[in-house]
Amino acid sequence: MLLIKKIHKWLSLLVGLQLLIWLGTGLYFNAMDPLAASGNQYRVSVTEPKAELSKLIEPKQVLQDFKGAVSLTQISLLAKPYYLLTQKKALYPYFDNDYTLVDAVTGKQTVVDETMAKSLASASYKGPGEIVSAVKQGPPFDDRLKEKNILWRIDFDDEINTRVYLDAGSGRLAAHTNDDRRIVDIAFMLHFMDYAEERSFNNVQIIVFAVFTLFFAFTGLIWTVELGFNGKYTLASLFGGRFAKAKKIKIYDKHAKSLGKLAMSSHENLLDSLINHDIALPSTCGGGGTCGRCKIKVTSKVKMTSADKSQLTEQELEQGYRLACQHNSDELEQLTLVDVTKAASHKLQLISSEFISPYIKELRFKSVGGERLKFKAGAFMRFFIPAAQGSSIPVDLPAALQHHWQEVLRMDYEHLACSRNYSLANGDGQTDELVFTVKIQTPPHAKFKPGIGSSYICNLALGKTIEAVGPFEEFFAMGSDNKDSTSPMVLIGAGSGMAPLKALIEEQLIKLNSLRPIHFYFGARTQADLIYRDTFKQLAATFPNFSYIPVLSRTTSAEDNTWDGAKGYVQDHLARDLDTEFESSLDKAEFYLCGPSAMMSSTIELLKSKQVDESHIAFDDFA
Ligand code: FES
């Protein structure tokens with residue numbers, strides 16, 4: 001499909017350019033002066049006097065003297081009678097003909113020489129110019145493309161550079177042309193795509209262009225059908241939800257108690273529709289159909305999607321369980337809520353937006369209306385990103401970071417509305433602000449858009465608001481309120497997976513004054529990517545039970561001299577410490593993971609290989 005889209009785009013450029021040429025030249029043809037376009041502004045019609053036939057020699061005699069003629073015509077040139085013998089006659093005068101001009105009085109052959117050519121040209125010319133050159137030449141001619149005979153070219157020095165062509169064999173006035181006529185010829189060439197100047201409508205270029213246009217239409221049709229199958233041409237999507245139906249759906253709680261009827265739009269999935277009624281289902285994938293958390297019960301008749309099949313068991317599917325994010329109100333009459341969170345909708349206002357690494361921003365929001373949200377450290381919020389235009393390069397990129405973005409392709413794009421989850425980097429009680437660390441996802445390839453959610457939210461202007469629902473408490477400290485716990489906490493993170501881990505650490509050390517051992521392994525590529533480095537160094541200096549182990553995976557040669565910390569991957573350093581430092585406390589240790597999926601899966605495998613109980617492993621899968 002990508003190839004079809006690419007072909008369609010390039011063909012659209014080609015067809016669009018030719019349409020512009022047709023439009024421009026068509027307008028020119030309509031506006032041009034017909035006399036100027038003909039090239040005949042200074043041409044006069046020459047009327048020759050009739051010859052006195054009694055003074056002419058017999059045509060029979062001429063035909064005997066000049067063998068091979070297929071026709072004989074009596075003509076007058078410059079008021080003098082001639083016989084024009086045609087040895088080779090073509091369909092048009094400008095095709096290849098062969099003439100002999102004979103003086104009709106003496107019977108001698110006459111050659112159209114320079115003097116005669118100039119006289120003939122002057123006789124057909126009424127302009128103010130003088131002859132500046134006379135040249136006898138054969139085809140091809142720049143401005144007489146169809147002409148196949150040898151011609152005299154007589155140039156005049158008037159303001160429009162008039163040029164007169166005369167047939168060198170017959171003295172025939174072939175054409176007047178000038179600058180105006182030459183412009184018309186160029187316009188004709190462009191209009192009829194006659195780039196090889198064949199003077200034909202049926203040229204190769206037009207035939208090839210017609211085939212391209214056919215492909216353009218065909219690829220466009222395929223693309224349109226694909227968009228249609230993807231639901232892009234519903235009335236709702238075409239008219240911004242104006243035609244979406246609001247249907248009343250009966251809602252039941254998990255004990256089969258009726259909660260009444262709720263109007264739900266057919267334009268939204270059930271996950272989002274329920275949010276509009278302050279019913280927040282759990283979700284860690286933001287409606288992507290990959291977390292399986294937004295389970296509801298409908299009836300087994302509701303069609304299963306591939307996401308339903310991959311996230312729910314066969315038994316659940318048979319019992320009528322479906323993912324709320326994959327269905328809308330059109331498909332059902334009632335639904336049963338299986339699990340509901342305490343999350344609610346909030347309008348958040350951006351109060352601070354700062355780069356804390358080349359690709360990560362720290363965003364601070366406040367709830368509009370000033371209410372203070374309560375949540376456990378490690379919670380996340382789901383942001384509703386509206387349909388908008390995006391750009392792959394941040395609008396407020398500081399000059400000091402620009403070299404990091406040099407390789408990133410600049411692209412402007414449009415995106416539809418969607419939702420995205422972002423973890424809070426602070427815990428409840430630290431401040432009334434909501435802090436997020438968001439990594440701007442750059443496009444992995446020119447064919448892909450950058451991260452829609454991260455680009456939108458990181459380009460949001462200060463003071464702007466955005467809708468969000470939450471906080472969702474899916475990832476938090478085990479026995480989170482137990483400040484007397486002595487179980488070691490081991491936190492492993494990388495990239496923007498920092499946010500919930502930072503919140504957990506600050507909750508333990510600052511809010512709960514916990515004395516339990518806390519070890520934080522954080523992986524980054526280079527020192528520039530080690531976000532909050534000073535904060536953690538300060539915490540490590542203040543709290544003896546806290547250790548911070550930053551690990552760099554791609555140190556530059558310059559950094560090798562200034563970095564004496566760990567290098568490689570965080571999971572490798574953790575593996576080493578599991579066998580030494582944590583060996584005696586491994587059965588009690590709690591592990592908290594957040595970062596790229598590759599790091600998470602290899603860390604989970606490592607922990608399992610060390611017989612760490614699964615209930616001691618918590619992870620925030622933001623991928
Ligand atoms: S929200 Fe994750 S599967 Fe529906």
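What to note about this one:
- Number of positions in segment 82-99 that are surrounded by fewer than 20 Cβ atoms within 10 Å (Cβ to Cβ) and assigned to a strand (DSSP E or B): 4
- Taking the listed residues Ser352, Ser357, Ser423, the one that is within 16 Å of the ligand (Cβ to nearest atom) and not assigned by TED's automatic domain parsing to the domain that holds Gly260 is Ser423, with no other qualifying.
- Any hit, segment 352-372, residues being open to solvent by less than 50 Å² (accessible area, probe 1.4 Å), part of a loop (DSSP other than H, G, I, E, B) and touching a Gly at 6+ places or on another chain (Cβ under 6 Å): no
- All strands (runs of 3 or more DSSP E) inside segment 136-200 with 1 or more residues being under 30 Å from Leu72 (Cβ atoms), out of contact with any helix residue (DSSP H, G or I) (no Cβ under 7 Å at 6 or more places or on another chain) and open to solvent by 50 Å² or more (accessible area, probe 1.4 Å): 151-156
- Leu78 vs. criteria modelled with pLDDT of 90 or more and on the phi > 0 side of the Ramachandran plot: yes
- Test result for Asp65, among the charged types (D, E, K, R), assigned by TED's automatic domain parsing to the domain that holds Leu151, more than 22 Å from Pro140 (Cα to Cα) and in contact (Cβ under 8 Å) with a residue 40 or more places away in the chain: yes
- Members of segment 259-270 found to be free of Cβ contacts under 8 Å to residues at least 60 places away in the same chain and either closer than 23 Å to Asp308 by Cβ or surrounded by 11 or more Cβ atoms within 10 Å (Cβ to Cβ) (or both), listed by number: Lys261, Leu262, Ala263, Asn269
- Residues of segment 287-302 that are in contact with a helix residue (DSSP H, G or I) (Cβ under 7 Å, 6 or more places away or on another chain) and over 19 Å from Asp272 (Cα atoms): Ser300 alone.
Listed here are the residues, each with its yes/no results for (1) farther than 26 Å from Ser423 by Cα; (2) of a type in the set (Lys, Arg).
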position	(1), (2)
Glu507	no, no
Lys511	no, yes
Gly523	no, no
Thr535	no, no
Ile549	no, no
Ser553	no, no
Ala558	yes, no
Leu574	no, no
Thr580	yes, no
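- Segment 281-298, residues that are within 11 Å of the ligand (Cβ to nearest atom), open to solvent by less than 70 Å² (accessible area, probe 1.4 Å) and farther than 11 Å from Gln326 by Cα: Leu281, Pro282, Ser283, Thr284, Cys285, Gly286, Cys291
- Residue count for segment 299-348, restricted to those that are within 16 Å of the ligand (Cβ to nearest atom), open to solvent by 50 Å² or more (accessible area, probe 1.4 Å) and either at positive phi or among the acidic types (Asp, Glu) (or both): 2.
- Ala31 being hydrophobic (A, V, I, L, M, F, W, C), open to solvent by 60 Å² or more (accessible area, probe 1.4 Å), without any contact (Cβ under 8 Å) to a residue 40 or more places away in the chain and in the same structural domain as Trp223 (by TED's automatic domain parsing): yes
Listed here are the residues, each with its yes/no results for (1) in a helix (DSSP H, G or I); (2) open to solvent by 40 Å² or more (accessible area, probe 1.4 Å); (3) on the phi > 0 side of the Ramachandran plot; (4) outside the structural domain of Tyr359 (by TED's automatic domain parsing).
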{"residue": "Glu506", "(1), (2), (3), (4)": "yes, no, no, yes"}
{"residue": "Ser514", "(1), (2), (3), (4)": "no, no, no, yes"}
{"residue": "Tyr521", "(1), (2), (3), (4)": "no, no, no, yes"}
{"residue": "Thr535", "(1), (2), (3), (4)": "yes, yes, no, yes"}
{"residue": "Leu539", "(1), (2), (3), (4)": "yes, no, no, yes"}
{"residue": "Pro544", "(1), (2), (3), (4)": "no, yes, no, yes"}
{"residue": "Tyr548", "(1), (2), (3), (4)": "no, no, no, yes"}
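- Filtered by the rule that a residue be open to solvent by 10 Å² or more (accessible area, probe 1.4 Å) and among the aliphatic types (A, V, I, L, M), segment 485-504 gives a lone residue, Ala494.
- Residues of segment 580-623 classified as at pLDDT 90 or above, among the acidic types (Asp, Glu) and crowded, with 19+ Cβ neighbours inside 10 Å, total: 1
- Test: residue in segment 556-573 that is open to solvent by 50 Å² or more (accessible area, probe 1.4 Å), small (Gly, Ala, Ser) and in a helix (DSSP H, G or I): yes
- Hits in segment 283-307 (condition: among the hydroxyl-bearing types (Ser, Thr, Tyr) and either under 29 Å from the mean Cα position of the chain (by Cα) or more than 19 Å from Ala417 (Cβ to Cβ) (or both)): Thr284, Thr290, Thr299, Ser300, Thr305, Ser306
- Condition met for Ile457 (at pLDDT 90 or above, touching a strand residue (DSSP E or B) at 6+ places or on another chain (Cβ under 8 Å) and not in a helix (DSSP H, G or I)): no
- Residues in segment 42-51 that are open to solvent by 40 Å² or more (accessible area, probe 1.4 Å) and in a loop (DSSP other than H, G, I, E, B): Tyr42, Val44, Ser45, Val46, Thr47, Glu48, Pro49, Lys50.
The values are calculated or read from the model by the stated rules, or taken from the named source; none is laboratory data. What you are looking at is a predicted structure, and each value in this text was computed from that prediction instead of being measured. Don't worry about glycine lacking a Cβ; one is built from the backbone with ideal geometry, like all the others, and counts go over all protein chains shown. Side chains are part of the model used for accessible areas, which takes the heavy atoms of the whole protein and leaves out ligands, DNA and RNA. Shrake-Rupley method; radii C 1.70, N 1.55, O 1.52, S 1.80 Å.
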